[in-house]
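Here the structure comes first, spelled out in structure tokens, and everything after it is commentary.
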Amino acid sequence: VRTQPLTLYVGTLQVEATPKDVLNQAEPLAPTFVNAERCRAFYWTGVKGSDAPIAYTIRAGNINGWQWSASGQITGNARGWFRVVIKPPAPYDRYRFEVSGAPQTLHSKITGAEEVAE
Amino acid sequence: MSAERITRREMLKRLVIAPVGAAVLTTLEVREASAAALQRYYDPYFVAVLWEGRTRCDSLWRSLNGDVVAILPTVQGTTPYDRLYWTGYALGSAPVNVNMRVLARAVDHNGVPLGSGWRAIGQATIQTLPHAVVPRGNSRRALGRIPPRSAQRDPALGLLARDCKSRLLEGVNAMPVRFLRNASELADVSWESPLPVQVANAKPVPADTLLVATTNLFPTGERDLLGSTGTPELPTLDACGQYRKLIWFYFREGAADTTYTILARVTDHNGAPLATGWLTIASGTLPGGANSWNRLEIPASGDAYYDQYRILVNRTGGSGYNLISKIVGVR
């Protein structure tokens, strides 16, 4: 079994105090990605718009709801690059990448490392 | 010289029942090796015989091929392999200590080594009883492996040479190994007549040579490996998103103090960076002395999957020199 990278998301989000995912969905049950069971890791790289930190929460689960989550803060200067690596403990079908914080623009890209049978 | 009739099954049986010397080698320090231009890829479970034969061990350092010419590799084109196993059989009637060392180097697109000499990636003393297997390096199996990386699969091996010499405690007699070539024919194991191994599952390479460059470090000041100084947005490497790791091999002709900085970033679907600037993923003093071989993994831990890299070097003192680099991307 090998892994291969898959670009899942490239976009810009206006971060606000209200949590919402990188697709600008405020509904907390809405997944950012589905059919992601083969992804063993996620590499989230981007650029912050201001000095203020951005809180993030990654949720993972299936059609029955969220079963795992991880939270943290993206710190750094305005126009500074960041990277967050997420390695869920088990395969999940759905993921939600949620952010909140002081208003700023967030440019980011999420790459999934997908498991591929040889 | 005495001969012994041995089938492949019998040889495997002996390998299993005589793991003498493994404990000595479990502490052997070896690291990932170099990269070669000849890149064929086989899946992780592919096994190929790269070398087999007999080596007379005496007081000289000699390759397994028997030569004492230090420039000659024992095996080459080993980039597709994430580890090599060396298993052997000590012949004779007395215990023997064999000093061994493993050397490696990287080559350019034409197969020419980046510099002179070799990079030592391991050494040990193998202590065996007569008629015992000579395993190398791994406590989990009787077979030895080079290098003993854990879970990480990194097929960036390159030209590889093994030298050995022995301190003979008593005389060691050579004894050929024979195998059944077919139902009625016995054959000596040799380079021309290797043990039968089926080659299968050949696949495209998982490692690509991304850059071979000579960086002029006679002038001081920060520059990237391609020599650019005044264009901070210019990547040294682009379109690297498919690589989980980059392996940077370099041969430095001088020992002058030099710093390095590795920058990375990602791009959108059109290949444009998400923003200007870079993320610094590594920096420090460039290891190695004059005429030395070195190797850096990018990133040092974890996976990369960045789209662009800018690799900067800066001679901060001493005399100018050339830095010869090769970067291999590992999928």
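Please indicate, with yes or no, whether at least one residue in segment A:61-78 is outside any strand (DSSP E or B), open to solvent by 50 Å² or more (accessible area, probe 1.4 Å) and away from every other protein chain (no Cβ under 14 Å). Break it down into steps so the answer makes sense when it comes.
Filtering segment A:61-78 for residues outside any strand (DSSP E or B) gives A:63-64, A:75-78.
If we keep only those that are open to solvent by 50 Å² or more (accessible area, probe 1.4 Å) as well, we get A:63-64, A:75, A:77.
This time we only want the ones that are away from every other protein chain (no Cβ under 14 Å), so: A:63-64.
Yes.
Consider segment B:276-286. How many of its residues are more than 14 Å from chain A (Cβ to nearest Cβ), under 11 Å from B:I262 (Cα atoms) and either open to solvent by 40 Å² or more (accessible area, probe 1.4 Å) or charged (D, E, K, R) (or both)?
Initially, segment B:276-286 is screened for residues more than 14 Å from chain A (Cβ to nearest Cβ), giving B:283-286.
With under 11 Å from B:I262 (Cα atoms) added as a condition, the list becomes B:283-284.
Narrowing further to those that are either open to solvent by 40 Å² or more (accessible area, probe 1.4 Å) or charged (D, E, K, R) (or both): B:283.
Qualifying residue count, segment B:276-286: 1.
Among B:G302, B:G289, B:G329, B:G230, which is within 14 Å of chain A (Cβ to nearest Cβ), surrounded by fewer than 21 Cβ atoms within 10 Å (Cβ to Cβ) and either without any contact (Cβ under 8 Å) to a residue 40 or more places away in the chain or part of a strand (DSSP E or B) (or both)?
Values: B:G289 fails: within 14 Å of chain A (Cβ to nearest Cβ); B:G329 fails: surrounded by fewer than 21 Cβ atoms within 10 Å (Cβ to Cβ); B:G230 fails: within 14 Å of chain A (Cβ to nearest Cβ).
After applying the criteria, what remains is B:G302.
Can you tell me which of (1) farther than 24 Å from B:T276 by Cα; (2) open to solvent by 20 Å² or more (accessible area, probe 1.4 Å); (3) of a type in the set (D, E, K, R); (4) modelled with pLDDT of 95 or more is the one A:R83 doesn't meet?
(1)
In segment A:86-118, how many residues are open to solvent by 40 Å² or more (accessible area, probe 1.4 Å), in contact with a Cys (Cβ under 9 Å, 6 or more places away or on another chain) and within 9 Å of another protein chain (Cβ to nearest Cβ)?
Result for segment A:86-118: 0.
Considering only residues that are open to solvent by less than 10 Å² (accessible area, probe 1.4 Å), part of a strand (DSSP E or B) and within 14 Å of chain B (Cβ to nearest Cβ), which ones fall in segment A:39-60? Talk me through it step by step, then tell me what you get.
Of segment A:39-60, the ones open to solvent by less than 10 Å² (accessible area, probe 1.4 Å) are A:39, A:41-48, A:54, A:58, A:60.
Adding the requirement that they be part of a strand (DSSP E or B) leaves A:39, A:41-47, A:54, A:58, A:60.
If the condition is that a residue be open to solvent by less than 10 Å² (accessible area, probe 1.4 Å), part of a strand (DSSP E or B) and within 14 Å of chain B (Cβ to nearest Cβ), then A:C39, A:A41, A:F42, A:Y43, A:W44, A:T45, A:G46, A:V47 are the ones that fit.
The values are calculated or read from the model by the stated rules, or taken from the named source; none is laboratory data. From a predicted model like this one, the values you see are computed outputs, not experimental measurements. A quick note on method: Cβ atoms are made from the backbone with ideal geometry, for glycine too, and the neighbour counts reach across all protein chains shown. Note: accessible area is taken over every heavy atom of the protein model, side chains too, but ligands, DNA and RNA are not part of it. Shrake-Rupley method; radii C 1.70, N 1.55, O 1.52, S 1.80 Å.
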